[in-house]
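Structure record follows, encoded as structure tokens.
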Amino acid sequence: MKFSILRPAAVALLLVTSLAACGGTAGSTGSQGAAGLSGGAGEAGGDAGQCGKTERTITHALGTTTVTGDPSRVVVTEFSFADGAGLLGVRPVGVADDSDRNRIIQPIRERLGDYTSLGLRKSPSLPVIASLRPDLIIIDAKRNADVYPQLSAMAPTIALTSQEGDLAANIAAMRVLGQALNRCAEMEKAVTGLQDKLASIKTRIDGLPAKPKALFAVAADKTFSAHNGAAFVPSVLSAIGLEPALPADQSQPQADMGLETLVATAPEAMFIANYTPQNPITAWRANKLFAGIPAVASNRLFSVDPDVWARNRGVTAAEMVAEQAADLLLNAK
């Protein structure tokens with residue numbers, strides 16, 4: 001089902017109606033400029049001075065939104081936001097889970113308990129969201145930007161970086177989420193815990209004779225999408241001391257890559273999230289060029305869980321990616 005963007009007058013009318021039904025207070029303003037969509041200055045950790053206030057003005061990627069009280073009927077459209085809420089003891093009433101609860105990694109799933117599925121993350125069901133009578137909605141700043149006006153009419157809506165953000169952007173998003181939920185101290189504890197965990201894992205990685213340049217990629221039916229230093233997983237690997245095989249490119253954090261380009265990139269370790277059993281890697285294995293890639297020649301070609309490494313982001317996924325990367329490299333023979 002497609003939804004059209006509401007005209008301002010219709011948005012205002014819906015806002016009044018929704019607030020009357022939900023008994024909340026909301027206000028959202030902002031534009032969808034390029035900086036906002038990429039999680040730019042508007043989302044650089046927000047304004048921690050808002051914490052503790054009954055009425056908080058939250059700065060986010062698509063503008064500012066007023067949140068009142070301690071939201072309890074929270075709806076989220078990304079796994080990282082579900083993770084952030086769960087870490088603070090808040091169980092969202094609705095989660096966009098791609099209609100498959102098992103795509104949410106187990107530690108997050110256990111914290112969430114029961115919730116209503118909103119369907120696909122890229123196109124969550126607006127009627128289902130409305131039926132849940134939320135008092136706070138958290139959306140991906142790019143993937144869900146087109147429905148921001150409709151959602152803002154239902155409840156206070158905050159747009160944060162997840163899909164195309166690196167580790168720093170995801171941490172900044174978690175801090176803004178903490179402000180919106182009025183649980184900043186708890187979120188700071190979670191962020192500090194992550195930073196300490198990464199520092200500890202880096203110490204393990206530092207014990208390697210030589211730290212390899214690492215490439216993370218997602219292999220689907222006909223595509224091999226390589227992530228550079230501006231993407232989430234490579235930035236996590238960088239935090240534990242592994243230099244990305246592809247330097248950061250903020251304009252395009254990930255791009256499809258062919259065998260010749262992969263050979264020229266010459267990664268010394270490769271972590272591949274296989275979305276499908278048959279993908280370009282399957283065919284490349286028979287090619288002598290592929291066998292000569294340093295990561296392949298040194299037995300550092302690793303198949304990793306797509307849910308942990310590709311679909312989930314945030315605090316819990318970052319810890320799991322770092323731990324698994326260290327274990328795989330230290331146990332490689």
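Quick check on the range 57-71: of everything there that is over 21 Å from residue 165 (Cβ atoms) and not in a loop (DSSP other than H, G, I, E, B), which residue is least open to solvent (accessible area, probe 1.4 Å)?
Within the range 57-71, the first condition is being over 21 Å from residue 165 (Cβ atoms), and the residues that meet it are 57, 66-71.
This time we only want the ones that are not in a loop (DSSP other than H, G, I, E, B), so: 57, 66-68.
Details: 57: 65, 66: 33, 67: 0, 68: 61 Å².
Among those residues, the one meeting the criterion is 67.
Residues are listed down the side, and each one gets a yes or a no for (1) closer than 23 Å to residue 309 by Cβ; (2) open to solvent by less than 30 Å² (accessible area, probe 1.4 Å); (3) in a helix (DSSP H, G or I):
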residue	(1), (2), (3)
90	no, yes, no
102	yes, no, yes
146	no, no, yes
164	yes, no, no
170	yes, yes, yes
175	no, no, yes
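What number of residues within the range 214-258 satisfy the criterion of being in a helix (DSSP H, G or I) and β-branched (Val, Ile, Thr)? Even if it seems obvious, please write down each step before you answer.
First pass over the range 214-258, keeping only residues in a helix (DSSP H, G or I): 232-239.
Checking which are β-branched (Val, Ile, Thr) leaves us with 233, 236.
Residues meeting the conditions: 2.
For residue 318, state whether it is small (Gly, Ala, Ser), assigned to a helix (DSSP H, G or I) and either open to solvent by 20 Å² or more (accessible area, probe 1.4 Å) or under 23 Å from residue 209 (Cβ atoms) (or both). Walk me through it before giving the result.
Details: small (Gly, Ala, Ser): yes; assigned to a helix (DSSP H, G or I): yes; either open to solvent by 20 Å² or more (accessible area, probe 1.4 Å) or under 23 Å from residue 209 (Cβ atoms) (or both): no.
Here the answer is no, as residue 318 does not meet what is asked.
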Of all residues making up the range 104-117, the number that are under 21 Å from residue 318 (Cα atoms) and open to solvent by less than 90 Å² (accessible area, probe 1.4 Å) = 7
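A quick yes/no check of all residues on (1) closer than 23 Å to residue 250 by Cα; (2) at pLDDT 95 or above; (3) of a type in the set (Asp, Glu):
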{"site": "193", "(1), (2), (3)": "no, yes, no"}
{"site": "202", "(1), (2), (3)": "no, yes, no"}
{"site": "207", "(1), (2), (3)": "no, no, no"}
{"site": "210", "(1), (2), (3)": "no, no, no"}
{"site": "216", "(1), (2), (3)": "yes, yes, no"}
{"site": "232", "(1), (2), (3)": "yes, yes, no"}
For residues in the range 274-306 being open to solvent by 30 Å² or more (accessible area, probe 1.4 Å) and under 21 Å from the mean Cα position of the chain (by Cα), which is farthest from residue 261 (Cα to Cα)?
-> 305
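The values are calculated or read from the model by the stated rules, or taken from the named source; none is laboratory data. Nothing here was measured: the structure is a model prediction, and the numbers come from that model. Heads up, the Cβs are rebuilt from the backbone with ideal geometry, glycines too, and the neighbour counts pull from every protein chain shown. Accessible surface is based on the protein model in full, side chains and every heavy atom, while ligands, DNA and RNA are left aside. Shrake-Rupley method; radii C 1.70, N 1.55, O 1.52, S 1.80 Å.
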